[in-house]
Amino acid sequence: MEEEHSGDDGLLEEVKTEKGKISRGNVQTRIKVIKDDADAAEELEVLNAYLELMELETGANKKIKDAHEAQAKKVIDRYKALTEDEVKTMVVDDKWLAAISHDVYTEVERISQRLTQRIKELAERYATPMPELNTTVDALEAEVSKHLEKMGFVWT
């Protein structure tokens with residue numbers, strides 16, 4: 001509703017603060033100012049609807065807060081009732097073993113990827129057989145010797 005009625009000519013622009021927020025007090029003050037103005041009937045309707053939505057939101061937030069508090073109380077009561085074996089199970093099995101298992105899996109993956117990368121490097125390095133490399137080196141060496149002779153250098 002705020003997005004729909006905001007903007008330069010929006011009906012909620014009069015109740016916005018400098019920071020662009022709409023407060024309950026500003027809405028109520030604006031309603032008092034325009035309640036007897038016949039030309040502002042549409043704005044009054046929007047402001048009343050917005051005020052109702054704000055009250056509904058406040059009620060919903062209170063219910064959420066109460067539910068969180070009730071849940072926290074239940075958790076605390078349950079913690080008080082835990083046996084030593086249940087605590088050990090929760091801490092060791094559920095928390096530590098899961099974390100250790102995850103860390104081991106991550107490390108195995110990292111090592112596996114590093115080994116794969118190293119194997120690829122070695123495969124590329126040794127892809128060409130040694131006799132072929134020697135032939136290529138001999139050919140290049142002969143070519144360099146020719147170029148050096150043309151330049152006047154003798155290489156032995």
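The values are calculated or read from the model by the stated rules, or taken from the named source; none is laboratory data. Every value quoted in this text rests on a predicted model; they were computed, and no experiment measured them. Quick reminder, even Gly has a Cβ in these numbers, built from the backbone with ideal geometry, and neighbours come from all protein chains shown.
So for region 53-64 (the condition being touching a residue at least 24 places away in the same chain (Cβ under 8 Å) and in the same structural domain as SER23 (by TED's automatic domain parsing)), does at least one residue qualify?
Taking region 53-64 as the starting set, the residues that turn out to be touching a residue at least 24 places away in the same chain (Cβ under 8 Å) are 53-54.
The next check asks that each one be in the same structural domain as SER23 (by TED's automatic domain parsing); those that pass are 53-54.
Yes, because at least one residue in region 53-64 is touching a residue at least 24 places away in the same chain (Cβ under 8 Å) and in the same structural domain as SER23 (by TED's automatic domain parsing).
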key: Residue list for region 45-102, filter: under 29 Å from the mean Cα position of the chain (by Cα), within 30 Å of LEU11 (Cα to Cα) and among the small types (Gly, Ala, Ser)   = ALA60
inquiry  = Against the definition (assigned to a helix (DSSP H, G or I), exposed (fewer than 12 other Cβ atoms within 10 Å of the Cβ), free of Cβ contacts under 8 Å to residues at least 60 places away in the same chain and under 36 Å from the mean Cα position of the chain (by Cα)), how does GLU18 come out, yes or no?
reply    = no
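How many residues does region 26-40 contain that are surrounded by fewer than 10 Cβ atoms within 10 Å (Cβ to Cβ) and either touching a residue at least 12 places away in the same chain (Cβ under 8 Å) or not basic (Lys, Arg) (or both)? Before the answer, list the steps.
Applying the first criterion (surrounded by fewer than 10 Cβ atoms within 10 Å (Cβ to Cβ)) to region 26-40 yields 32, 36, 38-39.
Narrowing further to those that are either touching a residue at least 12 places away in the same chain (Cβ under 8 Å) or not basic (Lys, Arg) (or both): 36, 38-39.
Within region 26-40, residues that are surrounded by fewer than 10 Cβ atoms within 10 Å (Cβ to Cβ) and either touching a residue at least 12 places away in the same chain (Cβ under 8 Å) or not basic (Lys, Arg) (or both) number 3.
Just checking, which of LYS150, LYS73, LYS80 is of a type outside the set (S, T, N, Q), surrounded by 10 or more Cβ atoms within 10 Å (Cβ to Cβ) and out of contact with any helix residue (DSSP H, G or I) (no Cβ under 8 Å at 6 or more places or on another chain)?
Details: LYS150 fails: surrounded by 10 or more Cβ atoms within 10 Å (Cβ to Cβ); LYS80 fails: surrounded by 10 or more Cβ atoms within 10 Å (Cβ to Cβ).
Within the list LYS150, LYS73, LYS80, the selection yields LYS73.
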